[in-house]
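A.B. asks: Okay, here's the structure, questions in a sec.
The values are calculated or read from the model by the stated rules, or taken from the named source; none is laboratory data. Predicted model only: the values in this text are computed from it and were never measured. Note that each Cβ is placed from the backbone with ideal geometry, even for glycine, and that neighbours are counted across all protein chains shown.
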Amino acid sequence: MTAGKTGIAVADVLEALNRISKGRMVMDWNEVTSGTNPYVVMKTSNIPGKSVIEIPGLVFGDKHKPVARVGVGMTLTESVIELASAMKLDLIVVHHPVADAASSGGVPFADYLPLYDLALIEMHEAFHGLHPGMTLLHGHRKLTTDICFGGIPGNVLHKGIALPEVQTAGDILARINRMMGRDIDVDLLEAERAIRGETTLQEATLANPAKLLSGGPDSPVKHVLHFFPHTGFSVGHLETALRMYPETDTIIASISRVREDHPFVALARERGLTFIVGNSHSVEIMENGLPLAYALELLLPGIEVFLLRERITAVPLKDIAHSRMVEYGKQMAETHLVSMPPRAVQTY
Ligand SMILES: [Fe+2]
Ligand SMILES: [Fe+2]
């Protein structure tokens with residue numbers, strides 16, 4: 001399938017992603033309803049109307065549409081859509097599943113994406129377990145991976161062995177900080193605090209550093225179990241995994257994490273095991289997004305690939321320093337939101 005200046009169309013990107021994922025992509029929409037593609041997965045908390053079916057493939061747009069500029073991101077949001085428009089991207093490839101309106105600023109894709117002539121592809125479970133980067137960044141080499149541990153799709157467990165240069169838990173923490181360029185984020189936050197005049201500003205990645213919840217920096221590391229608590233990994237799963245791999249000395253939880261009082265940590269302490277919480281979900285764009293973006297560039301050298309990277313900060317209201325917007329926010333709140341006037345004509 002070819003079209004346009006580059007001779008590349010959305011269908012070619014889909015083909016490339018199918019090669020990258022070793023045939024896991026939805027190439028024919030019938031796969032969504034027939035149940036033949038195991039990577040078409042329903043994600044639900046059983047809240048009416050809030051579930052989503054992951055469809056690793058073209059979710060919106062025309063297969064024949066020419067493509068010159070592609071953005072690779074983690075999660076689709078209205079900011080991503082607006083940035084993609086400003087950058088004149090033709091196609092957005094996101095890792096996480098999208099949901100109509102939820103991922104597009106409260107309005108249907110069909111009303112929004114055609115404005116900017118954007119096509120949209122999602123991957124998620126179809127991309128998991130394809131490369132060992134997540135484990136390498138955390139200082140071990142995976143020996144086996146189960147992407148469906150306990151029969152739960154997406155519940156990934158890696159069993160790994162420490163890299164030769166990694167001897168202790170402290171080595172893992174130092175490696176993560178070095179690899180992820182934590183110093184850059186520290187400098188960036190310091191600069192932003194100074195520029196904005198907001199000394200209490202926090203940023204997602206820095207607020208969630210890698211840390212030790214059981215064991216010490218000198219605890220030796222050799223045999224590692226690595227999982228992701230948000231994927232449905234339970235204490236029962238951890239007990240099973242420790243029975244399967246009794247040589248385990250170190251447990252790593254990353255992407256999501258648990259707090260110090262979690263039963264995982266209690267179990268690790270009880271057994272004398274080291275427990276590390278590694279990278280948070282906010283750097284998955286580097287862990288998974290960057291390899292995907294480079295893979296696309298390698299397979300389709302004619303296109304320009306952009307990394308769509310978000311940065312989320314938090315600041316207490318009392319410390320917001322830009323006085324004009326503080327005045328604006330307060331005025332709207334006081335005058336229109338909490339003054340409880342009689343029902344009147346809406347003004348914007
Ligand atoms: Fe992921
Ligand atoms: Fe994720």
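A.B. asks: Within the range 110-135, track down each residue that is away from ligand 1 (no atom under 16 Å from the Cβ) and either of a type in the set (S, T, Y) or surrounded by fewer than 19 Cβ atoms within 10 Å (Cβ to Cβ) (or both). So that I can check it myself, show each step before the final result.
C.D. replies: If we filter the range 110-135 for residues that are away from ligand 1 (no atom under 16 Å from the Cβ), which is where we start, we get 110-120.
Selection gives A110, D111, Y112, P114, L115, Y116, D117.
A.B. asks: Pick from D261, D249: which is in the same structural domain as L188 (by TED's automatic domain parsing) and over 27 Å from A204 (Cβ atoms)?
C.D. replies: Details: D261 fails: over 27 Å from A204 (Cβ atoms).
Going through D261, D249 in turn, the sole match is D249.
A.B. asks: Given the criterion within 30 Å of G154 (Cα to Cα) and within 16 Å of ligand 1 (Cβ to nearest atom), identify the matching residue among V98, V107.
C.D. replies: V98
A.B. asks: Okay, moving on. (1) among the hydroxyl-bearing types (S, T, Y); (2) within 16 Å of ligand 2 (Cβ to nearest atom); (3) surrounded by fewer than 16 Cβ atoms within 10 Å (Cβ to Cβ): which one isn't true of S280, the others all being true?
C.D. replies: Only one criterion in (1) among the hydroxyl-bearing types (S, T, Y); (2) within 16 Å of ligand 2 (Cβ to nearest atom); (3) surrounded by fewer than 16 Cβ atoms within 10 Å (Cβ to Cβ) is unmet by S280, namely (3).
A.B. asks: What's the number of the only condition in (1) closer than 20 Å to F127 by Cα; (2) touching a residue at least 12 places away in the same chain (Cβ under 8 Å) that N18 fails to meet?
C.D. replies: Unmet condition: (2).
A.B. asks: Here's another thing I want to ask about it. Of these, E239, E247, E260, E287, which one is under 28 Å from T144 (Cα atoms), touching a Lys or Arg at 6+ places or on another chain (Cβ under 9 Å) and of a type in the set (D, E)? First the steps, then the outcome.
C.D. replies: Details: E239 fails: touching a Lys or Arg at 6+ places or on another chain (Cβ under 9 Å); E260 fails: touching a Lys or Arg at 6+ places or on another chain (Cβ under 9 Å); E287 fails: touching a Lys or Arg at 6+ places or on another chain (Cβ under 9 Å).
Step by step, each of E239, E247, E260, E287 is checked, and only E247 is under 28 Å from T144 (Cα atoms), touching a Lys or Arg at 6+ places or on another chain (Cβ under 9 Å) and of a type in the set (D, E).
A.B. asks: Now a separate question. Check L296, L292 and return the single one that is touching a residue at least 24 places away in the same chain (Cβ under 8 Å), within 16 Å of ligand 2 (Cβ to nearest atom), outside the structural domain of N18 (by TED's automatic domain parsing) and closer than 25 Å to L76 by Cβ. It would help to see each step written out before you state the result.
C.D. replies: Details: L296 fails: within 16 Å of ligand 2 (Cβ to nearest atom).
The conditions single out L292.
A.B. asks: Give the residue that is farthest from G170 (Cα to Cα), with candidates limited to residues of the range 242-272 that are surrounded by fewer than 20 Cβ atoms within 10 Å (Cβ to Cβ) and among the hydrophobic types (A, V, I, L, M, F, W, C).
C.D. replies: Looking at the filtered set, the residue picked out is M244.
A.B. asks: Then there is this: Condition test on L17, is it in a loop (DSSP other than H, G, I, E, B), closer than 26 Å to G302 by Cβ and among the hydrophobic types (A, V, I, L, M, F, W, C)?
C.D. replies: On the way: in a loop (DSSP other than H, G, I, E, B): no; closer than 26 Å to G302 by Cβ: yes; among the hydrophobic types (A, V, I, L, M, F, W, C): yes.
It is false that L17 is in a loop (DSSP other than H, G, I, E, B), closer than 26 Å to G302 by Cβ and among the hydrophobic types (A, V, I, L, M, F, W, C).
A.B. asks: On to the next question. Here are V277, V221, V258: which of them is away from ligand 1 (no atom under 16 Å from the Cβ) and either in contact with a Phe, Trp or Tyr (Cβ under 8 Å, 6 or more places away or on another chain) or free of Cβ contacts under 8 Å to residues at least 12 places away in the same chain (or both)? Lay out the reasoning, then the answer.
C.D. replies: Working: V277 fails: either in contact with a Phe, Trp or Tyr (Cβ under 8 Å, 6 or more places away or on another chain) or free of Cβ contacts under 8 Å to residues at least 12 places away in the same chain (or both); V221 fails: either in contact with a Phe, Trp or Tyr (Cβ under 8 Å, 6 or more places away or on another chain) or free of Cβ contacts under 8 Å to residues at least 12 places away in the same chain (or both).
Criteria check complete, one pass: V258.
A.B. asks: Also, quick follow-up: Considering only residues that are among the hydroxyl-bearing types (S, T, Y), touching a Ser or Thr at 6+ places or on another chain (Cβ under 9 Å) and more than 16 Å from ligand 1 (Cβ to nearest atom), look in the range 20-76 and name the one that is farthest from I255 (Cα to Cα). Step through it out loud before you land on a result.
C.D. replies: So in the range 20-76, the residues among the hydroxyl-bearing types (S, T, Y) come out as 21, 33-34, 36, 39, 44-45, 51, 75.
Subset that is touching a Ser or Thr at 6+ places or on another chain (Cβ under 9 Å): 39, 44-45, 51, 75.
Remaining after also requiring more than 16 Å from ligand 1 (Cβ to nearest atom): 44-45, 51.
Details: T44: 20, S45: 20, S51: 21 Å.
So, considering only residues that are among the hydroxyl-bearing types (S, T, Y), touching a Ser or Thr at 6+ places or on another chain (Cβ under 9 Å) and more than 16 Å from ligand 1 (Cβ to nearest atom), the one farthest from I255 (Cα to Cα) is S51.
A.B. asks: List the strands (runs of 3 or more DSSP E) that sit entirely inside the range 31-143 and contain at least 2 residues that are away from ligand 2 (no atom under 15 Å from the Cβ).
C.D. replies: Values: elements: 41-43, 52-54, 57-60, 69-73, 91-94, 119-122.
Result: 57-60, 69-73, 91-94, 119-122.
A.B. asks: I've got another one for you. Between I285, I251, which is under 26 Å from K211 (Cβ atoms) and assigned to a helix (DSSP H, G or I)? Steps first, answer last, please.
C.D. replies: Numbers: I251 fails: assigned to a helix (DSSP H, G or I).
Going through I285, I251 in turn, the sole match is I285.
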